[in-house]
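Enquirer: I'd like to ask you about the structure that follows.
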Amino acid sequence: MSLADKVKNAGVVGAGGAGFPTHIKYLKSVEYFIANGAECEPLLFVDQQLVKVYTDEFLEGMALIIDTLSAKRGFVGIKEKYKNAIKTLDEKINNNNYNNIYIHKLGNYYPAGDEFIMVYDVLGRVIPEGGLPIDVGVVVNNIMTVINVARANRGIPVTDRVLTVHGEVKNPSTFNLPIGTSYREAIELAGGSTIPDFVLISGGPMMGNIVEDLDTPITKTTSGLLLLPPNNYLVLRKQEKDVTAVRRGRSTCDQCMYCTEYCPRYIIGHNLRPHKSAMRCAPYGLEDSKLLTSSWLCCECKLCDYFSCPLFLSPGKIHGLLKKEMGRAGLKNTQNRNQNPDPRPFAPERRVPTQRLVHRLQLDKYASSPAPLMEIDWEPQQVKIPLSQHIGAPAVPVVSPGQRVNKGDLIGEIPENKLGARVHASISGMISSVDRNFVVIRK
């Protein structure tokens, strides 16, 4: 059985982003493979600790992927500041003769983990507008994804997720928890909240979303939970209503271009200019389709929303709204996509230092807490496992209420001829309910 088939059977998806089914990436040969360990979002401590603690499994996965892709070599893109992880990794690489695996040290900037930026930083190659890493001969996987590939090769499916719980909790920590565990239980494991009222952000502070339901389940892509006070700058910005963002954009933007000058896509040569595609289009809706369709190029890193704009406007949010509206209207990118973008000459100077970003987001209070990886033997009494934890079609349930399952058993299958990922039981127990969205298992 090929590695791609084993990865497919194990339900491996991209653990650092939107959850793209990983097996699809291993169907073609490429020149290079990059393991993305930048973890550029502040207050997340997953990848750097996985590299240090599960080094052997990680390198095993790297070697398997490089061989499957027939790649010349593989790179580990990791921030230079993660010195302990790099030291452990370097020793293992040298002691085990991984001659085609190299460490590429990254600066401490945001968004170093964006795969377009990662490919440019490591290889000097620019992915075309609207393209993918494979268009320039590269495959990129997150650190946790690589470890899951090593386990898939041994027949172990994805049943758990490593995530950081940080902010206003008593013991900021990183846990390995069964998929389907509630956010509420994860917060309790970190000692509970230190304030009576808090706002919960799922994911990193920049690209994460506010979640009101504490019983929301952890998925394969849940990288972190961040508890913040209601009056925090970041919280107030994320709570801004869509209509308010558009109205303020119409009335206040002075076209200073800072949103464009710091845009990660613009600095590598893409034809994305938020001061035009978002802010000039805000007053006119879909009238100027040629201008606004470049919004499709936005990676929604939110630098323009939370850092670049001196007037605290929201070009990134407006891009997101425009993309939804264009999708409903059937509009695609009507421009001639640049297949050979030239990075702007000032690209290195436009990288935003993480320390400055943390200060702007009012997160200095939490930045010194490392959130160590806690090796705990804990299992919830119940898990609520989503059948859609990935890009593509939701998995189709293959179990029924009353059925007993063991941890690792298949509970959701990929629909025939669809892009998707398998879903497995994360605890042993009895199926208590099944619908089109969730499978609930009681211990």
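The values are calculated or read from the model by the stated rules, or taken from the named source; none is laboratory data. Worth saying up front: this structure is predicted, and the values here are computed from it rather than measured. Virtual Cβ from ideal backbone geometry, glycine too; neighbours counted across all protein chains shown.
Enquirer: Which of the numbered conditions does Ala186 fail, given that it passes all the others? Conditions: (1) touching a residue at least 60 places away in the same chain (Cβ under 8 Å); (2) closer than 27 Å to Pro21 by Cα; (3) buried (at least 21 other Cβ atoms within 10 Å of the Cβ).
Expert: If we test Ala186 against (1) touching a residue at least 60 places away in the same chain (Cβ under 8 Å); (2) closer than 27 Å to Pro21 by Cα; (3) buried (at least 21 other Cβ atoms within 10 Å of the Cβ), just (1) comes out false.
Enquirer: So, in segment 350-366, exactly how many residues are under 15 Å from Asn231 (Cα atoms) and outside any helix (DSSP H, G or I)?
Expert: 3
Enquirer: Are any residues in segment 242-268 assigned to a loop (DSSP other than H, G, I, E, B) and either in contact with a Lys or Arg (Cβ under 9 Å, 6 or more places away or on another chain) or buried (at least 20 other Cβ atoms within 10 Å of the Cβ) (or both), and if so, which ones?
Expert: Selection gives Cys253, Gln255, Met257, Tyr262, Cys263, Ile268.
Enquirer: In this structure, is Leu331 within 19 Å of Pro264 (Cβ to Cβ) and not basic (Lys, Arg)?
Expert: Considered against the rule, which asks whether it is within 19 Å of Pro264 (Cβ to Cβ) and not basic (Lys, Arg), Leu331 comes out as no.
Enquirer: Here are some residues: Pro205, Pro178, Pro172, Pro217. Which one is within 30 Å of Ala347 (Cα to Cα) and surrounded by 20 or more Cβ atoms within 10 Å (Cβ to Cβ)?
Expert: Being within 30 Å of Ala347 (Cα to Cα) and surrounded by 20 or more Cβ atoms within 10 Å (Cβ to Cβ) holds for just one of Pro205, Pro178, Pro172, Pro217, which is Pro205.
Enquirer: Now for a separate question. Could you check segment 357-373 and list, in sequence order, the residues that are over 11 Å from Leu43 (Cα atoms) and either touching a helix residue (DSSP H, G or I) at 6+ places or on another chain (Cβ under 8 Å) or loosely packed, with under 12 Cβ neighbours inside 10 Å (or both)?
Expert: Leu357, Arg360, Leu361, Gln362, Pro372, Leu373
Enquirer: Let me ask another. Are there helices (runs of 4 or more DSSP H) fully within segment 76-161 with at least 1 residues that are under 22 Å from Thr354 (Cα atoms) and in contact with a Leu (Cβ under 7 Å, 6 or more places away or on another chain)? List them.
Expert: 115-123, 143-153
Enquirer: In addition: Check segment 231-238 and report whether any residue there is farther than 28 Å from Asp114 by Cα, surrounded by 14 or more Cβ atoms within 10 Å (Cβ to Cβ) and either not assigned by TED's automatic domain parsing to the domain that holds Gly14 or not acidic (Asp, Glu) (or both).
Expert: no
Enquirer: Could I ask something else about it? In segment 364-381, is there at least one residue being without any contact (Cβ under 8 Å) to a residue 60 or more places away in the chain and among the aliphatic types (A, V, I, L, M)?
Expert: The answer is no; no qualifying residue exists.
Enquirer: If the requirement is being under 21 Å from Cys263 (Cβ atoms), at pLDDT 90 or above and out of contact with any Leu (no Cβ under 6 Å at 6 or more places or on another chain), which of these qualifies: Leu357, Leu361?
Expert: From the options Leu357, Leu361, the qualifying one is Leu357.
Enquirer: Regarding segment 20-43, can at least one residue be identified that is under 20 Å from the mean Cα position of the chain (by Cα), crowded, with 18+ Cβ neighbours inside 10 Å, charged (D, E, K, R) and modelled with pLDDT under 95?
Expert: yes
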